[in-house]
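Reading through the structure tokens given below for one structure.
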Amino acid sequence: MIFRFVRILITITAIAVIGTGCASYHDQTKGVSAAIVSGNTRAAADALGKHADACDKKDSVIFHLEAGGAYRACGDFTNSNRHLENAGTQIDKFEEQAKTKVGLEFLGLMTNQANLPYVGRSYDSIMLYTYKALNDLALGETEKARPEINHAYQCQQDAVEENKRRIEKTAEAARKNQHADITEASQNTPAFQKQMAQASSDVDSFKFYANYVNPFTVYLDGLYFLYAGVDASDMEHARKSLTRIQELIGSNKFVQADLQLIESSGTTHPTTPYTYVIFETGRAASRNEIKINLPFIVQNHVVMVTAALPKLEFHNDQAKDLTVKAGDLEEKTTTIANLDSIVALDFKNEWPTILTKTMISCAMKAAQNYEIAKNDTYGLTGLFKGLVDVMINIADTRSWTTLPKEFQVARIPTPADRKLVLATPGAAPVDVTVADGIVNVVYVKSVVASSPLLVSQFKLK
């Protein structure tokens, strides 16, 4: 009996050692997040890039994504592409190795899901290739952007099938749960149901787009094929994508103007001088951690287990829109895509999996805690329970935090003097001289309302 008790304690201690130092991702990245908010984007990008190149495989994808987003924000498109390429390569490897993750999944149940490799979410892959396309355009490599845009489109299609596979795997995990009786008893308590409803309630306030569709990616697809296309089929491609935007978000005057331009141009790509302004504002919803105490019934005894769960945290300190002035002409940007809605839908779809894994993990720990307490003649139960809770009871809060809250757009005829003034209510206006292209895109990023506007531009024609 004593040997069995000691063996259990050794196992718990070993698991706790594995979890040592596993501060939540939210806490790990507070410093770089603060640097980005304060406008010190380059320092944040360099810090993220250095960490991405040095960190282990478990977190390499998320840090390469973060670095890719941060380098893009400060106009270093080459380094941005390098990190995004590294993230994409690693995501592909994880997909190929998916069938060999049984041992890793068990480690996640015994410790926490943050100990598993971050394999990327569906919206990560879509934005990864969207950003790579924008980087290529900014670098003047217009043709290289085409396959990236196509890849982003394909990721949206693949995401639907991936979600089906995730649902099937979750159902299989629930069927194989050795502590199903303990899990079900806990889930049927009013306390559990109330706390779970509070943990996931924020996502229900959004109007969702079609599953895994990012309207900004679709918009970029339409804009690219409208001006950088080579034949009538590309023109038709542009029309379909821009029509799709109207279906996704409702009527948008700038998208409608482009559809009218297609109608008047027929199969010929238009050559009217226009300047498009893409405004990337705010910070996408990130994940923080909440902890709740759940009762589990083990052999007619109530065992309390602390569960750590992710919860979306929304950031509402963004610039609401951007004013674009060209002489006497003035336009305000309008929203094409709310990334919070995309992140929230992904979270809602993932929630059953998160909950199932958390409940299985907690049930396993409840059974262990009961065995320890039953055989504890030395009064060490509380010590070891506290050790486990502090060191391994951590939610997986990893998410791509350098993504924006919204993508907005505006379109104006390019002024004769090619001069624009860009302004938001919280930041100093920026004067921009539009490049010498026929069709230009001025790309503006604002992290919070008070942060400086980061401006770059490229030619589409």
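The values are calculated or read from the model by the stated rules, or taken from the named source; none is laboratory data. Bear in mind that the values here come from a model prediction, so they are computed numbers and not experimental data. A quick note on method: Cβ atoms are made from the backbone with ideal geometry, for glycine too, and the neighbour counts reach across all protein chains shown. The protein model used for the area step is the full one, side chains on, heavy atoms only, and it has no ligands, DNA or RNA in it. Shrake-Rupley method; radii C 1.70, N 1.55, O 1.52, S 1.80 Å.
Could you identify the single residue in 308, 326, 344 that is open to solvent by less than 30 Å² (accessible area, probe 1.4 Å) and farther than 23 Å from residue 25 by Cβ? First the steps, then the outcome.
On the way: 308 fails: farther than 23 Å from residue 25 by Cβ; 344 fails: farther than 23 Å from residue 25 by Cβ.
None of the other options fit; the residue is 326.
Residue by residue, here is whether (1) in contact (Cβ under 8 Å) with a residue 12 or more places away in the chain; (2) outside any helix (DSSP H, G or I); (3) of a type in the set (S, T, N, Q); (4) more than 17 Å from residue 156 (Cβ to Cβ) holds:
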{"position": "211", "(1), (2), (3), (4)": "yes, yes, yes, no"}
{"position": "220", "(1), (2), (3), (4)": "yes, no, no, no"}
{"position": "225", "(1), (2), (3), (4)": "yes, no, no, no"}
{"position": "234", "(1), (2), (3), (4)": "yes, no, no, yes"}
{"position": "237", "(1), (2), (3), (4)": "yes, no, no, no"}
{"position": "242", "(1), (2), (3), (4)": "yes, no, no, no"}
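Residue-by-condition table, conditions (1) open to solvent by 10 Å² or more (accessible area, probe 1.4 Å); (2) in contact with a helix residue (DSSP H, G or I) (Cβ under 6 Å, 6 or more places away or on another chain); (3) at positive phi:
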site: 396; (1), (2), (3): yes, yes, no
site: 399; (1), (2), (3): no, no, no
site: 402; (1), (2), (3): yes, yes, no
site: 407; (1), (2), (3): no, yes, no
site: 417; (1), (2), (3): yes, no, no
site: 421; (1), (2), (3): yes, no, no
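Look through 92, 56, 46, 76 and report the one residue that is open to solvent by 40 Å² or more (accessible area, probe 1.4 Å), at pLDDT 90 or above and among the acidic types (Asp, Glu). Give the steps one after another, and end with the answer.
Values: 92 fails: at pLDDT 90 or above; 56 fails: at pLDDT 90 or above; 76 fails: open to solvent by 40 Å² or more (accessible area, probe 1.4 Å).
Matching residue, one of 92, 56, 46, 76: 46.
Looking at region 224-239, is at least one residue of a type outside the set (A, V, I, L, M, F, W, C), modelled with pLDDT of 70 or more and touching a Phe, Trp or Tyr at 6+ places or on another chain (Cβ under 8 Å)? Working first, answer last.
Taking region 224-239 first, the residues of a type outside the set (A, V, I, L, M, F, W, C) are 224, 227, 229, 231, 233-234, 236-237, 239.
Going one step further and asking which of them are modelled with pLDDT of 70 or more, we end up with 224, 227, 229, 231, 233-234, 236-237, 239.
After this cut, where a residue has to be touching a Phe, Trp or Tyr at 6+ places or on another chain (Cβ under 8 Å) as well, the list is 234, 237.
Looking for residues that are of a type outside the set (A, V, I, L, M, F, W, C), modelled with pLDDT of 70 or more and touching a Phe, Trp or Tyr at 6+ places or on another chain (Cβ under 8 Å), one finds at least one in region 224-239, hence yes.
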